[in-house]
Amino acid sequence: MLIFSRWKVTLILGTVLLGLLFALPNALPASVRDNLPAPMQRTINLGLDLQGGAHMLLEVDLSSVLTQALENERQTILEEFRDAGRLRTEFVRIEDDAVVGRVRDEADMDRAMTLLRSLARPIDPTSLSQDKTITVEQVGDKGFQVNVTDANIEFIRKRTIAQSINVLRKRIDPQGTTEMTLAPEGDERILLQVPGAKDIDEIKDRINKTANLSFNMVRQESTNAAAMAAASEGRLPPGAAYFPSKDGSPLIVDKRTKITGECLKSSSEGIHPTANYPIVNFSFNVRCAKEFGDLTSKNLGKRFAVVLDGEIITVPRINGAITGGSGFIEGSFTNESARELALLLNAGALPAKLIIVEERTVSAELGNDSITAGKVASMIGLIGVAIFMWLSYGLRFGTIANLALATNIILIAGSLTLMGATLTLPGIAGIILTIGMAVDANVLIFERIREETYLGRPPVNAIETGYRRSLAPILDANITTLIAAITLYFVGSGPIRGFAVTLAIGIVMSVFTAVIVARLMTATWLRGSRPKTLPI
């Protein structure tokens, strides 16, 4: 274990040098960093508690979600009655947070109630709860009323909050390295904190866009001036919708469509294959690819509208069946607007409108004090550990352990910089904890070497045995801690994840520096001095 080939030495030293190069910009003033190559200008991102940023409190418009749930129930009822055949209604509409209706023939009432009761399904089929989505009541001889249950409303509320948080996370931090805070606040609000946010208006724009995408067939009434005039006044044919267009030409389209933003598998900005202007490429999942293929094959020569947030952005003509499940959207995009739309579509649509009820920027003054305190604590801990190692294992072995510890800290800083991870106060705590834990492996190795020396083994044999027999317990101890850190990262959020990131990186680097770097330094010293006894 003390023999290192040339390529191994090159690999170890190259890793350490690479870590040093990425960590170095954090110690340089901004004026010097600006003159370095672009990859060398990156520094560790600081969290909201260290550098300030944006703080927002968002309120979820749950009333619109409930209204949509009622509309979905109304459409389902109409479809069921239509499929049942000869079950005609006088009306089915939404009144006072309920769906009310009336059949034309009293003889159909029993059949209608049976159909309506069959629509009351379990809220969550995966749970043991028997709560239903709706309740159905008969009103008079020919009327009925459908209410969404309180349990279903609560389920919808929790699901909407969770979906909104997930979409916001993908929109604002698609790479997952900002360590922003996104958490429920009360029953209807979401707390959003973005460290180091420099363009708050951009964040607000991403929040305010719901990104509801749909592909709707254009109806023939769009070519009829009288029908268009009536539609502009709100008088629409059955099953139709009226949307404005980017180019100022509104259209009447089919209201119902199965091709929505939920069909998208991925989207990305691109360039038109022949005309050389920005577009947005997209691909559908398997189910919707088939739906889209069927839709286009049955409507050759007709037009369909691509509708985003209630506005038509493009109206292509179907010249052939699109069966590949992919295509592109064009609509006078710039490179930036195409990139932004692709990001929003990948993140998905917000399930409800979000209202910014509180907005402020957080000062970094407290952060400067925290950084200073963290530096002081780190230096005190580092010096204390270094003195302990010198006193316990002598000048040579103590110096090897301390050099390995310094290398460990450099590699942690370089890794955080390379990953673009965010350092928070808990993250500083993770680094300080790592400083204390980093020498554990060296302690195990050196104690084992000391035992072998007491047993009379020669220096080379004692060091070889010490490193070899200490490897298994070192890996066992660090892997279990690494599992805990990984669990914290995936289960926790915000500051907890920041702590988990620095702890996990610190564990990996500690094992690398103690087992490999320190062993290389020990082997180099052993070959150069060839001691008769070990000063340990």
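The values are calculated or read from the model by the stated rules, or taken from the named source; none is laboratory data. Every value quoted in this text rests on a predicted model; they were computed, and no experiment measured them. So basically every Cβ, Gly included, is an ideal-geometry build from the backbone, and we count neighbours across all protein chains shown.
Structure notes:
- Considering the range 82-99, the residues that are part of a helix (DSSP H, G or I) and of a type outside the set (D, E) include one that is farthest from the chain's Cα centre (by Cα), namely A84.
- Test result for A500, assigned to a helix (DSSP H, G or I) and under 34 Å from the mean Cα position of the chain (by Cα): yes
- For first residues located in the range 53-81 and on the phi > 0 side of the Ramachandran plot and assigned to a strand (DSSP E or B), partners that are surrounded by 17 or more Cβ atoms within 10 Å (Cβ to Cβ) and not hydrophobic (A, V, I, L, M, F, W, C) and lie 6+ apart or on another chain with Cβ distances below 9 Å form the pairs G53/G47; G53/Q193; G53/P195; G53/G196.
- Counting only strands (runs of 3 or more DSSP E) wholly contained in the range 127-236, the ones carrying 2 or more residues that are touching a strand residue (DSSP E or B) at 6+ places or on another chain (Cβ under 8 Å), among the polar types (S, T, N, Q) and at pLDDT 85 or above occupy 134-139, 143-148, 213-217.
- Residue list for the range 162-174, filter: closer than 23 Å to I200 by Cβ and among the aliphatic types (A, V, I, L, M): I165, V167, L168, I172
- Residues of the range 216-231 satisfying the condition of being closer than 22 Å to K298 by Cβ and surrounded by 17 or more Cβ atoms within 10 Å (Cβ to Cβ): N216, M217, V218, R219, E221, S222
- Any hit, the range 403-413, residues being without any contact (Cβ under 8 Å) to a residue 40 or more places away in the chain and either out of contact with any strand residue (DSSP E or B) (no Cβ under 8 Å at 6 or more places or on another chain) or more than 30 Å from L471 (Cα to Cα) (or both): yes
- Against the list (1) buried (at least 19 other Cβ atoms within 10 Å of the Cβ); (2) touching a residue at least 24 places away in the same chain (Cβ under 8 Å), the condition A485 fails is (2).
- Going through (1) within 17 Å of M389 (Cα to Cα); (2) modelled with pLDDT of 85 or more; (3) of a type in the set (S, T, Y) one by one, T434 falls short only on (2).
- Taking the numbered list (1) within 17 Å of F512 (Cβ to Cβ); (2) crowded, with 24+ Cβ neighbours inside 10 Å; (3) hydrophobic (A, V, I, L, M, F, W, C) in turn, M437 passes all entries but (2).
- Among the residues of the range 285-324, the ones that are among the basic types (K, R) and assigned to a helix (DSSP H, G or I) come to 3 in all.
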